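Encoded as C-alpha cells, the structure appears first; notes follow it.
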C-alpha cells in the first residue's frame, strides 16, 4: 500500500474498501520495461535523463494513471524503491488522477507555486494517496535543476505498513510548469542504495524544447 | 428475527434502505442496561475462549505497532478515563492510541480498545471523550461481540458467518493482525466489529448511564454525535455529493439522526436537575497539549476542506487562538480554489496576530507576502520564523530568500 504514484493508485483500486480509492478508474498493474543506461526521454518527452545503470520503467500502457507528465521507475519493486518524474506539469493540473468527489484530495499544482508550496503538495500526496501516517521534512534547500533555480526536498515518512521510508525530490518551476525527480525508498536500506543512481539521473536531466 | 436480520443487512450495506424501511425500534432505556460481566471476567464457553485466544494475538501485535502514540502521560490519562467510565470492568480494560486521522474508536471483544488520534482532535472536552469511551465500554460490558456471533450462527446467515469467520481467521493467519491503519482504511475492522443496531442502541444507553455515573454531563454523547453529522455533511457538500457512510465506525450505523435523538432523550433520563456538571475541558486540553498541533496538522493536510473547516469551527466555539487560525488558513491554501490564495494570506496574517501562533504561521505569512510582491514585509516575517525556529529543516531555503 503506497509507493510510486502509479503503484499507489493501483493499490488503492486493489482494495476497494480503501479510503483513498479512486472509485473504479483504471484497470490495475501494468508490466515493466527495461530502461538502458543511456539518454532517454521521460514523461511528456520534454526532459531527457541519462541513467548510469539500468532501471525498470513501470509501464504506463496498462497503468491506470495516464498523466503524460508523470513517469515511474524502480530497481527492486515499487514498495522498496521508486523514482518518479514530473515533467512540464501545467498549472491547474494534478500530479495524480483522482476523483473529483473524493473527500480527501491531493491539491492541484499552480504555476505560481513556490518551493514550500510544491513540497506541501507532495506531502499531501503522501498523506492522501500513499497511506502516510507520519511525514517529517528533513530538509529544504535551494538547488539548481536543469540549469534553473530550484529546490532539494528531503523527507521521511511512516506508512500504514509500519515501514519508515525516505524520499528526496529535486525540482523547479520553469515557465510556470513543474519539473521534478523524486526518489523514495525504505529508510533502512533501499533509499541509500539507490541515492547515487538518483543523483546521477537528477544531475543529468536537461530540458528539451 | 426478521427485524434483526434486516438490521444486520442495513448495517452491511444500505443506509438509505434502512431509512426508507422506517424501522422504528423502541429506544433502549439507560436504566435497563445492567452490565453482563463483573470485574475480572474470563470466558468459560468454548467458542468465546477461542475468540479470546485469537484476540490475544491481535492485541500482542497491536501493542508493538509503531503507529501507536506512546506519550506516557497521555496514555495514562486515557487509561484513567476508562477507569472512570468502564463500570465493573474499569480495571480490566486497556486502551491504545493509534495515530490515524479519523473519527473512530474500536472495542475488541477481550476488553481492549483502540482510540484513533482523529477522535482526540475532534473532542471539545473530557466529557465528550469520556462519552465515546463509555459507549465502547458498553460493548464490552454487554458482551456484544459474542452475542452477535452467536446470533448470526443461530440464524445460519451463511454470508455473515463467513465474513465474521474470515475476519477471525484472518487474525490467526496474520492477514490483518497488527496492520492497524490498514484495518482502518480497508474497513476490515468495521466488517468485523459492526454491531447491529440493537447492540449499538444498547451501547449508547449503557454509555449514557456510565457517563452520568462518573459525574459527566450525560448530553455530551449527543453533542459529539451532532458534531460528527455536521462534519460528514459539510465534507460531502464540498465535493458535491451526499454524505456517505465513510469509514468511521459511527458513520456506518444506520440513521445517525434518529440515534442522536435517542441519545438526547436518554441523557435527559439520567440528568439530575440543578446539578452542575464539569466538562473537564481544562484537564482535557492539558492532556492533549503535547500533540494538539500534530492532530490539527494530520487532519488539515488531508485536504478535506469541509471536514477540516467544521472541526476547526467546532473547536473555536471555545475560543480562537493562533493555532486554530493558522490551520484555518492552511485549509484554504490547500483547497486552492480561485480566491483561496487571498483568503489564506489574510488567514496567516490573522494567525500571527496571536501570541501563540506557531512558527509555521510566520513562514507561510512570509510566503504569501512574497507572492503578493511585498518583499520587505515578507523578509520581516521570514526573519521572525527563523528566530523562532532557527533549526527548522527548511531554514536553508528560507535564508536564501533573505539574501
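Per-structure values
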read-out	value
Simple spin-label estimate for residue A:187 and residue A:111 in nanometres, 7 Å along Cα-Cβ	3.8
Hypothetical label at residue B:317: residues of the stretch B:201-240 whose amide nitrogen lies under 18 Å (7 Å Cα-Cβ projection)	B:216-235
Cα→Cβ-extended label distance, 7 Å offset, between residue B:354 and residue A:50, nm	5.4
Ratio Rg/Rh, restricted to the stretch A:121-172 and using Cα atoms, in which Rh is the Kirkwood radius	1.05
Taking the C-alpha atoms of the stretch A:55-147, convex hull volume expressed per residue in Å³	138
Stretch gain in nm, segment residue B:45-residue B:237, where the contour uses 0.36 nm per residue and the Cα spacing is subtracted	64.3 nm
Highest to lowest packing among B:339-346, B:141-148, B:125-132, scored as the average C-beta count within 10 Å	B:125-132, B:141-148, B:339-346
Principal semi-axes in Å for the stretch A:142-186 [√(5λ), Cα gyration tensor, largest first]	26, 9, 7
Taking the C-alpha atoms of the stretch A:116-209, convex hull volume expressed per residue in Å³	96
Normalised per residue, the volume of the convex hull around the Cα set of the stretch B:246-403 (Å³)	159
Kirkwood hydrodynamic radius of the stretch B:18-104, Cα pairs, Å	16.4
Shielding score for B:106-118, defined as the mean number of other chain Cβ atoms within 10 Å	0
Pairwise FRET efficiency - residue B:281 versus residue B:31, Cβ, R0 = 30 Å, nearest 0.05	0.55
Pairwise label distance in nanometres, residue A:93 with residue B:376, each label 7 Å out on the Cα-Cβ vector	4.0
Directionally averaged shadow of the stretch B:320-402, computed from the convex hull of its alpha-carbon atoms, nm²	5.1
Extension gain (nm, one decimal) between residue B:261 and residue B:399, 0.36 nm per residue minus Cα-Cα	44.1 nm
A:182, B:211, B:51 arranged by Cβ crowding within 10 Å, fewest neighbours leading	B:51, A:182, B:211
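No value in this document is a laboratory result; all are computed from the given coordinates. Small disclaimer: the values here were computed from a predicted structure and weren't measured. We place every Cβ from the backbone using ideal geometry, glycine too, and count neighbours over all the protein chains shown.
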